[in-house]
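First up is the structure itself, then whatever we jot down about it.
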Amino acid sequence: MKLPKEDVELFYKLYHSLLIYVNRKFNVVDTTRYPENLRKWPLDKVNQLRGCLYEHPDMITSFVNENPFGFSEDELKIIESWKHFVKGKFCIFRYLKNYTIFLDLETPPKAYGVLALTGTFEEIVGPHLPILVDAVLLPFKDKIIYDSIFSAYSIYFGGGIRRSLNDAYQEAKSRFGIITSLPFKPKRTEQSDADKLKFYLRSERNRERYWDEINKLISKDPELLTLYHQEMGKVHARRYGKRLREIGFSNAWFAILEGIPIASGATKEDVERTLQSILPAEKRRFVYIFQLKKK
């Protein structure tokens, strides 16, 4: 998804004016008086100005205070918001309907929903993702854009790395959701232990990767131990359900404990009566009961 055309024009007007201001202060490249001329400049010169701006972010505040181009209050607010730029390496990870996912792989990972400018990211870098890029993300009217330039790395991502990137994306979404405005302010209330445990148990890769964290959680809280057995019961039910259907079962109920089917019946009540007669009461909360429905 792209920024609306009128907003793209506004961005370039403001951003190029800021770069001209930086050039006046530091004399980085051959001077020009008019921001619109920057569109005709060689990319390497514009990059020099960009680098100088991000090395001296205080220039943003100076620009707003001086207002050398006579911008309106709303326009100055947009420029002032650029103090919250995010600069670094990102993985362009996924094209979604409303934005493109830029995945920051720093610890913990974060996923930013970014809008393109004159051309979509798919038009710029192609349909095949992921792609590693150096980029600068900027806030713009409660959205996130990039500053019109990024450089991509010619790196091939194998299957193992792709799985790791997907794990990082799932972790980012679980921790923070998709970040769609800057500055990013993490929620004051941290992710609950129950939500953490569900995330750790979501896939086999997660269970292997976070096994130490899983053990710490379930050892300190009996309620989380129950949650662990229930979530793992769902995992085993999917596996056993497929095999049971292949054998010919349908419209039956089953109980699983620690990965083992321990009871079955025509109704849920039948299974629960069986459990009462064969299972110690303290184990009952760990049992996962599921219905094998006819497809």
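Taken together, the values in this text are just the output of simple stated rules run on the coordinates, not laboratory data. These numbers come from a predicted model, not from an experiment. As a convention, Cβ positions derive from the backbone with ideal geometry for all residues, glycine included, and neighbour counts pool all protein chains shown.
For the stretch 191-295, the residue among L227, A263, S277 whose Cα projects farthest onto the positive side of the dipole built from Cβ charges is A263. A cut-off of 5 Å between modelled amide H atoms, ignoring neighbours fewer than 5 places along the same chain, links A263 with A255.
Shown here is the pair-distance distribution of the stretch 5-83: with all Cα-Cα distances grouped in 10 Å bins from zero up to the longest one, the shares run 18, 57, 25, 0 percent. For the chain, the membrane-span-like helix rule (DSSP H, alpha carbon extent of at least 20 Å along the helix axis, mean Kyte-Doolittle at least -1.0) picks out 5-26, 222-247; this says nothing about an actual membrane.
Taking Cα pairs under 8 Å and at least six residues apart, what relative contact order does the stretch 131-189 come out at, in percent? Worked out over the stretch 131-189, it gives 36 percent.
Distance from the Cα centre of the stretch 138-212 to that of the stretch 41-61, in angstrom? Comparing the Cα centres of the stretch 138-212 and the stretch 41-61, I get a distance of 29 Å. Rg of the Cα atoms in the stretch 209-295, relative to 2.2 N^0.38 Å, amounts to 1.17. Computed on the stretch 92-145, with alpha-carbon pairs under 8 angstrom and 6+ residues apart, the relative contact order is 33 percent.
Which pairs break 19 Å Cα to Cα here: K25/K45; K196/K234; K5/K173; K2/K143; K87/K185? Violating the 19 Å limit, Cα to Cα: K5/K173. Both radii are taken from the alpha-carbon atoms of the stretch 159-234; with Rh as the Kirkwood radius, Rg/Rh is 1.02. With the convex hull drawn around the C-alpha atoms of the chain, the volume per residue stands at 183 Å³.
For the chain, the Cβ-based charge dipole about the Cα centre amounts to some 1200 debye (Lys, Arg positive; Asp, Glu negative; other atoms uncharged).
Expressed as a fraction of 2.2 N^0.38 Å, the value expected for a compact globular protein of N residues, the C-alpha radius of gyration of the stretch 85-179 is 1.00.
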